[in-house]
Amino acid sequence: MISYLKGEVIQVQQNPPRVVVLTASGVGYTVTLPVFVEEALQPYEGQELGLHIYYSVSERQPMPTLVGFEEAGDRDFFEQFVQVEGIGPARAASALTMPVPTLAYAIETEDLVTLTLMPGIGQRGAHKIIATLKGKVSESASRPIETAAHRARVPDTRADVVAVLVNLGYRNNEAVTMVDDAIRRDPELIEDPQALLRDVFRNHPATPAVTQ
């Protein structure tokens, strides 16, 4: 089992979630970086990296999966996160766009708005996450947001909220109109995706139409 790797990046694959090949002691390791880690590190060939590793292998997935983190606490949260039904390592790596303390706090406070901002999760997935992990991630929720979190790119709030609405069943043009209407009502909402999404739901409570 591999718990930590330190070495040189010799290859960076461009498709998200970002995958890097890291050489350590003459051996190359393929490591997936969750979105928030990749955005903080901005990996490039020749870069020296030290990563805490989530390692997984199973009968269904005999090829080892390695996922890298700057902080051991983030790796520990990831190990809990992938226990949620329907969320494996690949999906989890793509979904983790926000700092771990932010997500853990959202779980402990049952903040569905924040959890549905994760790509590919939706309301059903958010409910599963809370049902599985509430009461188990309080330590992660109480950690200060540091290192990767501080350096992570501020998300495109408008695009993120539109993506959440589309994921919930709204047509893209409907979602864009609803979000733009909310921003016109209160331009400061663009600074807070949670507040923006709440405003959209408050002014458009109807169930989304089924996409044809």
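The values are calculated or read from the model by the stated rules, or taken from the named source; none is laboratory data. Not measured: the values here are computed from a predicted model. Glycine also receives a Cβ, built like all others from the backbone with ideal geometry; neighbour counts cover every protein chain displayed.
Just give me the residues in region 116-137 being outside any loop (DSSP other than H, G, I, E, B) and at pLDDT 90 or above, in sequence order.
Passing the criteria: 124, 125, 126, 127, 128, 129, 130, 131, 132, 133.
Determine which single condition residue 58 fails, assuming it passes every other condition in (1) closer than 14 Å to residue 93 by Cα; (2) among the small types (Gly, Ala, Ser); (3) in a loop (DSSP other than H, G, I, E, B).
(1)
Tell me which residues, restricted to region 20-39, are more than 9 Å from residue 93 (Cβ to Cβ) and modelled with pLDDT of 90 or more.
Within region 20-39, 20, 21, 22, 23, 27, 28, 29, 30, 31 meet the criteria.
Could you identify the single residue in 202, 184 that is modelled with pLDDT under 80 and among the basic types (Lys, Arg)?
The unique qualifying residue is 184.
Does any residue of region 33-42 turn out to be out of contact with any Leu (no Cβ under 6 Å at 6 or more places or on another chain), under 22 Å from residue 101 (Cβ atoms), among the acidic types (Asp, Glu) and free of Cβ contacts under 8 Å to residues at least 60 places away in the same chain?
Yes; the residues of region 33-42 include at least one that is out of contact with any Leu (no Cβ under 6 Å at 6 or more places or on another chain), under 22 Å from residue 101 (Cβ atoms), among the acidic types (Asp, Glu) and free of Cβ contacts under 8 Å to residues at least 60 places away in the same chain.
Residues being touching a Leu at 6+ places or on another chain (Cβ under 7 Å) and buried (at least 22 other Cβ atoms within 10 Å of the Cβ): count how many of those fall in region 55-80.
Residues that pass the stated criteria total 2.
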